[in-house]
Amino acid sequence: MLRMTEPDANFDSSETDRESDDSVRSLATDARLVDHARHGDTDAFGQLVMRYERRVLKVIRRFMPDQDMAQDLAQETFLKAFDRLDQFDPSRRFGPWLFRIAVNSTYDHLRKIKRKGRWMVFSEAGDDRVPDPEAADPRGELDLSQEVQTVLEDIPEAYRTVLVLRDLEGFSTSEVAAVTERTEATIRWRLAEARRMFKEAWDRRQRFIEEEQLG
Amino acid sequence: MQKLTMKCEDARHLVHLSAGNDTFPDEEHLLSEHLHQCSDCRAYHAGMVRAMSVLEQVRDRQPVERPTGSVWAGISGQLKNRRTPERYEPPRRHFNVAVATLCACSLMLAIVTAVRSLPGNDADGWNNQNLMPAMHVGFSPGSAAGPSVRNVSSSGSSVQRPQLIPFKGPSGEILYIDQATGQAWVPNLIPQARQGERLDF
């Protein structure tokens, strides 16, 4: 069973600001940092980036496993956030707003790749990296992650977002509601549907693998 | 057989939520009562828990391999050059003359078509009055000012004024000779005013 996360646990603080407690500035609230950043204080915005960058990267990687691409998208997310700070409503929390930009940017990018792929004669080749013989064989873990990733790709975006944020990233339903700008009732309904879709797709895939193994 | 506390469909909706601890206490109570009674839903619940355990395994597996600060390092230079956040501006809109002209022409065509379709504005009348104004001529062989052909289009401006001289033909019919060209006009060939149309001499 998954643990319920505390409300706001994902948004208000992260491991990074605990690491840098010596800085007085790190104690500043998001709202204050946003206010400074709106007036052109890039250092204040830097504090916000440091607070959220790992969480944003993790969320993006749930949709986009490629690390370099995820890094680029995270940078794009923060640049967009900086450019749109004047659109941010200070009476609301900064975290959900930032994660919304991250998720939307990622989906936009995925759609672009999908569109481009339709018209490409040759697809881009992946990295030909030589495995490190000293490192533990990551294939077992990769297999499961990749399988889950493949199954998730079959789930419609609106449901996939809810499932990823709630069940893979541990956001609470109220946090997911804030990120997606939907009511909690809608999120609960979508969550139930997303889990049903995941279960069906997962069971189907397992049956298919078993049939292949049997011959 | 014991009566089920809720429909299996509703119970399965709660199974999906319960698998991630997203049910309220009263919902959880209802569900557990139903699961106690329904073996199909019990099996479904077990399958759902298995599927959720897969997600739980994957949940803790994706480490972020980038060091903290790597994103900021990538964008700090760009932001410091900007100094202040760029104001978001919606994309500028340019006036497209071609589209505007097309719209105006379409609108005009629509108006013309609408006016033409009004009762009393048949297509022939429109053409005769506007496109061939010279065909609507008044003719007065015996007037003191002499015969003349006038344009009676809406603008009222004269297009041509041939000076016609009446001339009696060999069989007694009246012909009219155009002074300028010497062309003979037979009255029958000259278009007559239609019903209700005013002749302007």
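Observations, loosely collected:
- Search result, residues across the stretch A:143-182 that are of a type in the set (A, V, I, L, M, F, W, C) and assigned to a loop (DSSP other than H, G, I, E, B): A:Ile155, A:Phe171
- Sole residue being among the β-branched types (Val, Ile, Thr) and touching a residue at least 24 places away in the same chain (Cβ under 8 Å), chosen from B:Val49, B:Val54: B:Val49
Okay, residues lined up against (1) modelled with pLDDT of 95 or more; (2) surrounded by fewer than 20 Cβ atoms within 10 Å (Cβ to Cβ):
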position: A:Ala135; (1), (2): no, yes
position: A:Ser145; (1), (2): no, yes
position: A:Asp154; (1), (2): no, yes
position: A:Val162; (1), (2): yes, no
position: A:Phe171; (1), (2): no, no
position: A:Glu175; (1), (2): no, no
position: A:Trp189; (1), (2): yes, yes
position: A:Ala194; (1), (2): yes, no
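- If you go through the stretch A:35-81 and keep only what is touching a Pro at 6+ places or on another chain (Cβ under 8 Å) and surrounded by fewer than 21 Cβ atoms within 10 Å (Cβ to Cβ), you end up with A:Asp35, A:Arg38, A:Gly40.
- Residue count for the stretch A:186-202, restricted to those that are at the interface with chain B (Cβ under 7 Å from one of its Cβ atoms), touching a residue at least 24 places away in the same chain (Cβ under 8 Å) and in contact with an Asp or Glu (Cβ under 7 Å, 6 or more places away or on another chain): 1
- Number of positions in the stretch A:35-66 that are in a loop (DSSP other than H, G, I, E, B), more than 7 Å from every other protein chain (Cβ to nearest Cβ) and more than 11 Å from the chain's Cα centre (by Cα): 3
- Whichever residue in the stretch B:15-30 is in a helix (DSSP H, G or I) and within 8 Å of chain A (Cβ to nearest Cβ) and, among such residues, is surrounded by the fewest Cβ atoms within 10 Å (Cβ to Cβ): B:Leu17
- Residue count for the stretch A:196-215, restricted to those that are surrounded by 20 or more Cβ atoms within 10 Å (Cβ to Cβ) and farther than 25 Å from B:Tyr44 by Cα: 0.
- Those helices (runs of 4 or more DSSP H) lying entirely in the stretch B:70-136 with at least 3 residues modelled with pLDDT under 70: B:123-126
The values are calculated or read from the model by the stated rules, or taken from the named source; none is laboratory data. Source: prediction; values computed, not measured. Virtual Cβ from ideal backbone geometry, glycine too; neighbours counted across all protein chains shown.
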